[in-house]
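Presented below is the structure to which this report refers.
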Amino acid sequence: MADQIIFSEMVTALVKKGQDILNDMTPEQADLLHMGVGVSGESGELLDAIKKHAIYGKPLDRENVIEELGDLEFFMERIRQIIGVSREETIAANMAKLGKRYSKGTYSNEQAQARADKVEA
């Protein structure tokens, strides 16, 4: 049994320490991480508003949904600024990807699962 590692010891041994993360991170990486965390948090808030409507049958809080969508736009715009891409470019890239995935121009479960846009040539 001496060879068996305790889970808490494994976690301690494998986790990357916060100070190491900070030391290795550039200001740009920190900015991107901050914005990515913002997107994640705001996505959760948007999902919660939709869940209350869809699952609990409450009226959709349209004002809150609009606020959360705006918050997402804020964080996504900063990410675009950092990586040097415009909103229009990201939309065009998304349209190209979805055009490959849904070659018939309409949604289908089969094409969603096949993900033709991910197939390597």
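Some points to look at:
- One Cα centroid belongs to region 47-66, the other to region 69-121; the line between them spans 25 Å.
- Taking each residue as 0.36 nm, the span from residue 97 to residue 73 lengthens on full extension beyond its C-alpha to C-alpha distance by 6.6 nm.
- Proximal aspartates and glutamates to residue 104, defined as alpha-carbon separation beneath 19 angstrom and excluding residues fewer than eight positions away on the same chain: 117
- Mean residue ellipticity (222 nm) of the chain, computed from DSSP H runs ≥ 4 via -39,500 (n - 2.57), nearest 500: -23000 deg cm²/dmol
- Set of lysines near residue 52 by C-alpha distance (under 19 Å), chain-local residues within fewer than 8 positions excluded: none
- Taking 0.36 nm per residue of separation and subtracting the Cα-Cα distance, full extension of the segment from residue 7 to residue 89 would add 25.0 nm.
- Relative exposure of 75, 7, judged by other C-beta atoms within 10 Å (fewest first): 7, 75
- With a cut-off of 13 Å between beta carbons, the residues surrounding residue 34 carry a summed charge of -2, where Lys and Arg count +1 and Asp and Glu -1.
- Sequence of 56, 102, 107 once ranked by neighbouring C-beta atoms within 10 Å, starting from the fewest: 56, 107, 102
- Each Cα pair under 8 Å and six or more residues apart adds its sequence gap; the mean of these over the residue count of region 1-90 is a relative contact order of 28 percent.
Throughout, read-outs are computed from the coordinates displayed, never taken from laboratory work. What you see is a predicted model; the values in this text were computed from it and never measured. Neighbour counts are summed over all protein chains in view; Cβ atoms, including those assigned to glycine, are modelled from backbone coordinates with ideal geometry.
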